[in-house]
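Enquirer: One structure coming up, written as structure tokens, with questions to follow.
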Amino acid sequence: MDKWKELDDKLNRYLRLATFPIGVKLLEEEKELKNISRLKRPDKKIALCQIFSYSRYYGWTMGLTEEDNICPLAEIALGFVEPYDIFLEGYFFVGRYNETLEGAKKTSNMIPKMPYGKFGAIVSGALSRVEYDPDFVMIYGNTAQMLRVIQGSLWKEGGRIIISTFGDAVCADTISNVYLTGKIQIAMPCLGDRRFGLAMDSDLVASIPLEFIDSVLEGLEGTHKGGSRYPIPYQICTPEFFLEQQKQLEEARKGKKP
């Protein structure tokens with residue numbers, strides 16, 4: 001749709017992104033995937049975060065269901081499966097992310113989780129090419145680009161952006177938490193997203209509910225006019241090193257030792 005291409009153009013005008021912004025849509029039933037144009041499905045089981053990689057690197061529109069997904073954290077975060085006792089009791093994280101079972105249980109229960117069975121599929125596509133109405137827009141970028149997204153999102157209302165994470169399950173932060181709170185989320189790619197989804201060391205992720213995207217764009221434009229821009233403008237000054245070199249060269253030309 002032309003409006004999504006226009007939105008993509010505006011985001012890149014102010015952010016100069018290295019990969020495509022993504023339009024993400026949640027579907028209640030798998031059969032709704034038939035209504036998505038140019039949809040690709042995984043030939044084998046893959047991790048949820050990998051469909052975002054296909055979209056942002058290659059521009060593909062990807063669909064994924066519980067049967068396609070192999071990531072155990074993602075299936076719980078998206079509500080594809082009901083959280084099982086061994087997960088809620090902390091055994092999934094003890095000795096891996098948390099020293100004690102008590103700490104691991106706290107981590108497990110605080111992960112944002114979609115209502116079980118609410119959605120049966122998820123679609124990801126390059127924003128400039130999607131032919132569906134996304135629920136939210138996901139952007140991968142460096143810290144300076146995320147700084148601009150945050151500034152743009154606060155342009156109208158002010159305040160602060162709160163980042164909530166435990167360092168894994170980025171899908172819970174960028175999908176589940178956005179759905180549950182209705183607010184923009186800034187997150188760090190998790191180990192799976194880095195190992196299997198090709199997220200870079202410098203990447204952060206912004207996930208923006210569609211109803212706020214126009215406000216963020218207006219904020220990017222407003223703060224851009226106010227002097228906050230990407231790339232961050234460098235202060236141009238005279239390099240003192242070269243001044244000293246010129247002085248030494250002049251003295252050498254006059255037969256003096258430096």
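Taken together, the values in this text are just the output of simple stated rules run on the coordinates, not laboratory data. Predicted model, so just to flag it, every value in this text is computed and none were measured. Here the Cβ positions follow ideal geometry from the backbone for every residue, glycine too, while neighbour counts run over all protein chains shown.
Enquirer: What order do you get for 52-60, 237-245 when each peptide is scored by the mean count of other beta carbon atoms within 10 Å, highest first?
Expert: Working: 52-60: 20.7, 237-245: 8.8.
The densest-packed peptide leads the list: 52-60, 237-245.
Enquirer: For the pair Ala144 and Ala252, what calculated FRET efficiency results from E = 1/(1 + (r/R0)^6), where r is the Cβ-Cβ distance and R0 = 41 Å, to the nearest 0.05?
Expert: 0.45
Enquirer: Evaluated at 10 °C with a viscosity of 1.306 mPa s, what Stokes-Einstein diffusion coefficient in µm²/s does the range 1-76 have when Rh comes from the Kirkwood expression over alpha-carbon pairs?
Expert: Working: Rh = 13.8 Å.
Value of D from the Cα-based Kirkwood radius: 115 µm²/s.
Enquirer: Of Ile161, Gly182, Leu210, which is farthest along the charge dipole of the chain in the positive direction, counting Lys and Arg as +1 and Asp and Glu as -1 at C-beta?
Expert: Farthest towards the positive pole: Ile161.
Enquirer: Scan the range 126-216 for GluC sites (Glu not before Pro) in coil per DSSP, keeping those whose Cβ has at most 10 other Cβ atoms within 10 Å, and list them by number.
Expert: Qualifying residues, ordered by number: Glu157.
Enquirer: Using only the Cα atoms, what convex hull volume per residue in Å³ does the range 79-200 have?
Expert: Dividing the Cα hull volume of the range 79-200 by its residue count gives 143 Å³.
Enquirer: Taking the structure as given and computing Cα extents along the principal axes in Å, which label from (1) 83, 51, 40; (2) 49, 41, 32; (3) 59, 43, 31 fits?
Expert: Matching entry in (1) 83, 51, 40; (2) 49, 41, 32; (3) 59, 43, 31: (1).
Enquirer: On average, how much area does the Cα convex hull of the range 125-258 cover when viewed from any direction, in nm²?
Expert: 13.5 nm²
Enquirer: Once you have a ≥ b ≥ c as the square roots of the Cα gyration tensor eigenvalues for the range 68-150, tell me rounded if a/c is under 1.5, and otherwise prolate or oblate according to whether a/b is larger than b/c.
Expert: Note, shape of the range 68-150 comes out oblate.
Enquirer: At 7 Å along the Cα-to-beta-carbon direction for both Glu99 and Asn12, put a label point, then send me their distance in nm to one decimal.
Expert: 4.9 nm
Enquirer: Let me ask something else. What does the charge count near Leu48 come to, summing +1 for each Lys or Arg and -1 for each Asp or Glu among other residues with Cβ under 11 Å from its Cβ? Show your work: numbers first, answer last.
Expert: Working: positive: Lys45; negative: Glu66, Asp68, Glu75, Asp193.
Net charge around Leu48: -3.
Enquirer: Which trypsin sites (Lys or Arg not before Pro) in the range 80-163 sit in a loop by DSSP (not H, G, I, E or B) and have at most 16 other Cβ atoms within 10 Å of their own Cβ? Walk me through the numbers on the way to the answer.
Expert: On the way: sites: Arg96, Lys105, Lys106, Lys113, Lys118, Arg129, Arg148, Lys156, Arg160; in loops: Arg96, Lys113, Lys118, Arg129, Lys156, Arg160.
When the trypsin sites (Lys or Arg not before Pro) of the range 80-163 are filtered for loop state and at most 16 Cβ neighbours within 10 Å, Arg96, Lys118, Lys156, Arg160 remain.
Enquirer: Take the alpha carbon gyration tensor of the range 182-251, find the square roots of its eigenvalues, order them as a ≥ b ≥ c, and report rounded if a/c is under 1.5; if not, report prolate when a/b exceeds b/c, else oblate.
Expert: Oblate, because a/c is 1.5 or more while a/b does not exceed b/c.
Enquirer: Measure off 7 Å from each Cα along the Cα-to-Cβ vector at Leu191 and Phe166, then give the distance between these two points in nanometres to one decimal.
Expert: According to this spin-label approximation, the distance is 1.4 nm.
Enquirer: What FRET efficiency comes out for Lys106 versus Glu66 if R0 is 22 angstrom and r is the Cβ-Cβ distance? Round to the nearest 0.05.
Expert: 0.25
Enquirer: For the range 187-258, which trypsin sites (Lys or Arg not before Pro) pass both filters: DSSP loop (anything but H, G, I, E, B) and at most 10 other C-beta atoms within 10 Å?
Expert: On the way: sites: Arg194, Arg195, Lys225, Arg229, Lys247, Arg253, Lys254, Lys256; in loops: Arg229, Lys254, Lys256.
Listed in order of number, the matching sites are Lys254, Lys256.
Enquirer: Below 19 Å, Cα to Cα, which lysines can Lys254 reach? Residues fewer than 8 away in the same chain don't count.
Expert: none
Enquirer: Where both partners of a DSSP beta bridge lie in the chain, what percent of those bridges are antiparallel, to the nearest 5?
Expert: 85 percent
Enquirer: May I pose another question? Compute the distance in nm between two label points, each set 7 Å from the Cα along the Cα-to-Cβ direction, one at Asn35 and one at Glu89.
Expert: It works out to 4.2 nm between the two label points.
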